[in-house]
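Remarks on the structure that follows.
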Amino acid sequence: MKRAISILGVTGSIGQSTIAVVDELRAQGQEIEVEAVTAGQNLVGLVEACRALKPKFAAVSEPSMLTEAREALAGLSVEVGAGESALQEAGARPAEWVMSAIVGAAGLAPTMAAVRRGATVALANKECLVCAGPLFIEAARAHGARLLPVDSEHNAIFQVLTHPERVEKLTLTASGGPFRTASHETMAVATPEQACAHPKWSMGRKISVDSATLMNKGLELIEASYLFGFGSDSIDVIVHPQSTIHSLVHYVDGSVLAQMATPDMRIPIAYALAWPDRARVSTARLDLSTIGSLTFEAPDAARFPALGLCRAALNAGAAATTALSAANEVAVEAFLARRIGFLDICRTVEEALTELEGAESGLIANSPTSFDQVAAVDRAARDAARRIAGSLAAA
Ligand code: NAD
Ligand code: MG
């Protein structure tokens, strides 16, 4: 059966793993056509992806790169676009399955373009869910778009969520990141290189830093709450350094179902691409005797305040989670540019949220009722975070 897919964020870590899965399934004789692909500013990567996938349409995020992109892609018979509207066109083009793997809130509008036409959306980009929360979920419902979680924890839960109405709680597992056993002093002087050296997963820089602060797990807590409809009290986080169990669902009869696999994003991607069937992919098979033991520990709230910040934002409401995600994007960027220290990331996010909570505008007091309101909260949080990071940098 022929199917058409699109990959938003094709040059990234998830985008590349998606290409690997598509390649493998095509080699098995599956007919997968690629309608559209998008990239940020990585033209070299985009050209490579277009050679491999032969899409009909390719978009870059930067409008001024249009001519350069057309020249680079000449001869590949692909239509080329640039800028926000081109990214949205990529999401809107008629592919039945869309991988949402742009990083950050930049992925929201292109993903929404796919949601609005009722596509099946494989959701790797957690920020668009954290950012637009209930509005995003409601839009998917209203337009009949199916959301298939690709984030490994949420994919794990989705795989074992046999009786959603009989669930007592969810447990998200966390690897603990590169600073799991580091001292506060070491973390205070951590460099972007150290923060991005993840022990278990190879990922883009933003999510790598998020994993080092545990903000990633906090964002995933919010993601799980919006996706599966459970409150913060019903979602636990446990550190599991072997990253073998990807998450657990606890049922009312005391049964606990979990999904295990070697940490390889091709597995949840293949699951989403083949769903409701399963596909054969050549990932390393799980060998428990080699792993030997699986260990678990509670996250250290003192060294990793991000988890508490995310829980508080989730309890405060959808505008707070929008603001948190936006402030975090700004703070991570400032850290990666070496303007602020590692511990300043959470400080920036916390202060930005405190500032917005106290603002007379009451901007984050109520849940946004439109995507315009989401954008306004996102902007205000970025402004606050930029100012706060600026003063931390100057200090
Ligand atoms: P990445 O940085 O490797 O890739 C991001 C992609 O988005 C690239 O194609 C890049 O060119 C594009 N991009 C960047 N900025 C853009 C902008 N402003 N406008 C349009 N496109 C832009 O990131 P990644 O690790 O592949 O992660 C992608 C998403 O998937 C993130 O939301 C992340 O949280 C989520 N995710 C990733 C992993 C993983 O293992 N990498 C696991 C779970 C979830
Ligand atoms: Mg994850």
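The values are calculated or read from the model by the stated rules, or taken from the named source; none is laboratory data. Here the structure is a predicted model, which means the values were calculated and not measured. Note: ideal-geometry Cβ built from the backbone for every residue, glycine included; neighbour counts use all protein chains shown.
Answer yes if at least one residue in the range 156-169 is surrounded by 24 or more Cβ atoms within 10 Å (Cβ to Cβ) and in contact with a helix residue (DSSP H, G or I) (Cβ under 6 Å, 6 or more places away or on another chain), and no otherwise. Within the range 156-169, not a single residue is surrounded by 24 or more Cβ atoms within 10 Å (Cβ to Cβ) and in contact with a helix residue (DSSP H, G or I) (Cβ under 6 Å, 6 or more places away or on another chain). In the range 82-122, the qualifying residues are those that are touching an Asp or Glu at 6+ places or on another chain (Cβ under 8 Å) and farther than 25 Å from Arg379 by Cβ, and the one that is nearest to ligand 2 (Cβ to nearest atom) is Thr120.
The number of residues in the range 7-32 that are of a type in the set (D, E, K, R) and in contact (Cβ under 8 Å) with a residue 40 or more places away in the chain comes to 1.
Determine which member of the set Ala302, Ala284, Ala320, Ala337 is touching a helix residue (DSSP H, G or I) at 6+ places or on another chain (Cβ under 9 Å) and either surrounded by 14 or more Cβ atoms within 10 Å (Cβ to Cβ) or in the same structural domain as Phe179 (by TED's automatic domain parsing) (or both).
Working: Ala302 fails: either surrounded by 14 or more Cβ atoms within 10 Å (Cβ to Cβ) or in the same structural domain as Phe179 (by TED's automatic domain parsing) (or both); Ala284 fails: touching a helix residue (DSSP H, G or I) at 6+ places or on another chain (Cβ under 9 Å); Ala337 fails: either surrounded by 14 or more Cβ atoms within 10 Å (Cβ to Cβ) or in the same structural domain as Phe179 (by TED's automatic domain parsing) (or both).
One residue alone meets the criteria, Ala320.
I need the full set of residues from the range 90-102 which are buried (at least 24 other Cβ atoms within 10 Å of the Cβ) and either at pLDDT below 95 or touching a Lys or Arg at 6+ places or on another chain (Cβ under 9 Å) (or both), in order please. Of everything in the range 90-102, those that are buried (at least 24 other Cβ atoms within 10 Å of the Cβ) and either at pLDDT below 95 or touching a Lys or Arg at 6+ places or on another chain (Cβ under 9 Å) (or both) turn out to be Gly91, Ala95.
Checked against the criteria, Ala174 does not count as of a type outside the set (Asp, Glu), over 24 Å from Asn315 (Cα atoms), surrounded by 23 or more Cβ atoms within 10 Å (Cβ to Cβ) and within 16 Å of ligand 1 (Cβ to nearest atom). Every test in (1) closer than 23 Å to Arg51 by Cα; (2) surrounded by 24 or more Cβ atoms within 10 Å (Cβ to Cβ) is passed by Asn125 save one, and that test is (1).
Being of a type in the set (A, V, I, L, M), in contact with an Asp or Glu (Cβ under 8 Å, 6 or more places away or on another chain) and away from ligand 1 (no atom under 16 Å from the Cβ), is that true of even one residue in the range 227-247? Looking through the range 227-247, at least one residue is of a type in the set (A, V, I, L, M), in contact with an Asp or Glu (Cβ under 8 Å, 6 or more places away or on another chain) and away from ligand 1 (no atom under 16 Å from the Cβ). For the range 110-139, how many residues are away from ligand 1 (no atom under 16 Å from the Cβ), under 22 Å from Gly218 (Cα atoms) and in contact with a Leu (Cβ under 8 Å, 6 or more places away or on another chain)? Number satisfying all stated conditions: 1. Considering the range 198-227 alone, what residues qualify as being closer than 18 Å to Arg303 by Cα, away from ligand 2 (no atom under 11 Å from the Cβ) and either among the small types (Gly, Ala, Ser) or without any contact (Cβ under 8 Å) to a residue 12 or more places away in the chain (or both)? If the condition is that a residue be closer than 18 Å to Arg303 by Cα, away from ligand 2 (no atom under 11 Å from the Cβ) and either among the small types (Gly, Ala, Ser) or without any contact (Cβ under 8 Å) to a residue 12 or more places away in the chain (or both), then Ser208, Ala212, Gly218 are the ones that fit.
Across the range 290-299, a minimum of one residue is classified as free of Cβ contacts under 8 Å to residues at least 60 places away in the same chain, surrounded by 14 or more Cβ atoms within 10 Å (Cβ to Cβ) and in contact with a strand residue (DSSP E or B) (Cβ under 7 Å, 6 or more places away or on another chain).
All but one of (1) on the phi > 0 side of the Ramachandran plot; (2) within 16 Å of ligand 2 (Cβ to nearest atom); (3) not charged (D, E, K, R) hold for Gly12; state the number of the condition that does not hold. Gly12 satisfies every listed condition except (1).
For the range 169-176, the condition of being of a type outside the set (Gly, Ala, Ser) and without any contact (Cβ under 8 Å) to a residue 40 or more places away in the chain holds for none of the residues.
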